[in-house]
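In what follows, a structure is listed as structure tokens, so that the remarks can point back to it.
The values are calculated or read from the model by the stated rules, or taken from the named source; none is laboratory data. The structure presented is a predicted model; accordingly, all values stated were derived computationally and were not measured. Methodologically, a virtual Cβ is constructed for each residue, glycine included, from the backbone with ideal geometry; neighbour enumeration extends over all protein chains shown. Note: accessible area is taken over every heavy atom of the protein model, side chains too, but ligands, DNA and RNA are not part of it. Shrake-Rupley method; radii C 1.70, N 1.55, O 1.52, S 1.80 Å.
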Amino acid sequence: MIRLNSHPSGRHFLQIPGPTNVPDRVLRAMDYPTIDHRGPEFQQLGKKVLADIRKVFQTEQPVVIYPASGTGAWEAALVNTLSPGDKVLMYETGHFASLWKKMADKLGLNPEFIVGDWRHGVDAAAIGARLAADSSHEIKAVCVVHNETSTGVTSDVAAVRRAIDAANHPALLLVDTISSLGSVDYRHDDWGVDVTVSGSQKGLMLPPGISFNAVSQKAIAASAQAKLPKAFWGWEEILESNRNGFWPYTPATNLLYGLSEACDMLLEEGLPNVFARHQRHAAATRACVTAWGLEILCQNPAEYSPALTAVVMPDGHSADTFRKVVLENFNMSLGQGLSKLSGKVFRIGHLGDFNDLTLMGTLAGVEMGLALAGVPHRAGGVLAAMESLRNAAASQPALRAA
Ligand SMILES: *Cc1c(COP(=O)(O)O)cnc(C)c1O
């Protein structure tokens, strides 16, 4: 029997919100012999990536690079700055914020969770009010997720900084940018963030395997007093070795080749252009979802994520069944609903190495999948996305035909 698409020719569409599609340039850059990580050639690479990655975090401060997934960098941020029993104020934006909070519990911290509905971002005023009530400064850190990957909601980190300052509170500000760095405008220095956590496999377009802590001088000072046990994650030794372009242990050399190339790509395009591209693709995706008559999970338009869109399934339809239809028929992976959103939403990743036609392929696959899976929707979403992209191009004179 002949089955349509029984052999997946062409490229797989990896449209989950991380890991993202790794560009050929990055793949080629990593396809290179591993070198002596104590030798002079490595030293040049180490110095280059440590300098370049600061530009991506928009910081003049050191960035620590770990051979670990993003979860490791979460742990590093906590164990370097805090002591057993310390109170930390965290905000429930969704699955990832909840996991970070669970980790704080496991590490013996005392996290206080501001409850959220998984459809909105961080309410900076609620953080400000809680800090203002903390006159004895028991709260040692405020932890927020910049782009909540489980919901497609982005939070205003600058507003959180202003709320901390307005309360005149000394708490450190720790921010997870694992799915926003390199996709959504993020400013470690301007926004006065003390530790920015990130990972390689989302906006940075790399395979999974390395992660980051961008640190402030205040965070480094806190790390000298922090009493949670730390060995592998300790910043001090790493920062010492990094001064000469090295690591105290074997770094993920080939991923660092990739990082060097990915930073070149982002900086060649220019960060403002990278951010505008993601905004444009996100707007076209929302135009498409709205035309289908489906609901976007994020309820505040000011907080729509430029990196991904979570779409609510109509009642009585399973998002996972739908995703299976899309994978089997169109060789495309869409993001699943996580924990309490399991089966209820699917997530379209539109971040990383991505252009207008990748988006059109993605949305066409979703629209065909909706029809095949019998999910009630109106046709014409893809057309609405095309119009959105065309209007964006028309408003940019450089892109119009001469
Ligand atoms: C992906 C992700 C994580 C987890 O990172 P891992 O690399 O899987 O450990 C944490 N936070 C956010 C916001 C993420 O998107």
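Remarks
- Within the accessible area of region 24-267, the carbon and sulfur atoms contribute 52%, probe 1.4 Å, all protein chains present.
- Taking the centroid of alpha carbons for each part, region 356-397 and region 116-174 are 35 Å apart.
- In degrees, nearest ten, helix 253-269 long axis to first principal axis of the chain (Cα): 70 degrees
- Among 95-101, 56-62, the order from most to least packed when residues are scored by Cβ within 10 Å on average: 95-101, 56-62
- Neighbour-limited loop hits for trypsin sites (Lys or Arg not before Pro), region 330-402 (at most 13 other Cβ within 10 Å; DSSP other than H, G, I, E, B): 378, 400
- Bridge type composition, region 148-279 - antiparallel percent by DSSP, nearest 5: 65 percent
- Segment residue 271-residue 241, extension gain: residue separation times 0.36 nm, minus the distance between their alpha carbons: 7.9 nm
- Accessible surface of region 270-401, 1.4 Å probe, proportion on carbon and sulfur as whole %: 56 percent
- On Cα atoms only, tilt of 40-57 relative to the major axis of the chain in degrees: 70 degrees
- Under 5 Å between amide hydrogens, built in the peptide plane, is the criterion, and for residue 15 it picks out 333 among residues at least 5 positions away or on other chains.
- Surface exposure of region 282-383, expressed per residue as accessible area with a 1.4 Å probe, stands at 38 Å².
- Three-way shape call for region 282-385 based on the alpha-carbon gyration tensor, with the a/c threshold at 1.5: rounded
- Placing unit charges on the Cβ atoms of the charged side chains and taking the dipole of the chain about its Cα centre, the candidate lying farthest along the positive direction among 88, 229, 384 is 384.
- Spin-label pair residue 218/residue 395, simplified geometry with 7 Å Cα→Cβ offset, distance in nm: 3.6 nm
- Degrees separating the helix 157-166 axis from the principal Cα axis of the chain, which is the longest one: 40 degrees
- Overall form of region 165-277 per C-alpha gyration tensor (a/c, 1.5; a/b vs b/c): oblate
- The trypsin sites (Lys or Arg not before Pro) of region 7-37 that meet both conditions, a loop assignment by DSSP and at most 16 other Cβ atoms within 10 Å of the site Cβ, are 11.
- Cβ-placed point charges (K, R +1; D, E -1), dipole of the chain about Cα centre in debye, nearest 20: 480 debye
- Residue-averaged [θ]222 nm for the chain, counting only DSSP H segments that reach four residues, each worth -39500 (n - 2.57): -13000 deg cm²/dmol
- Normalised per residue, the accessible area of region 24-267 is 37 Å², obtained with a 1.4 Å probe and no contribution from ligands, DNA or RNA.
- One way to sum up the overall shape of the chain is the equivalent ellipsoid from its Cα gyration tensor, whose semi-axes run 35, 27, 19 Å, largest first.
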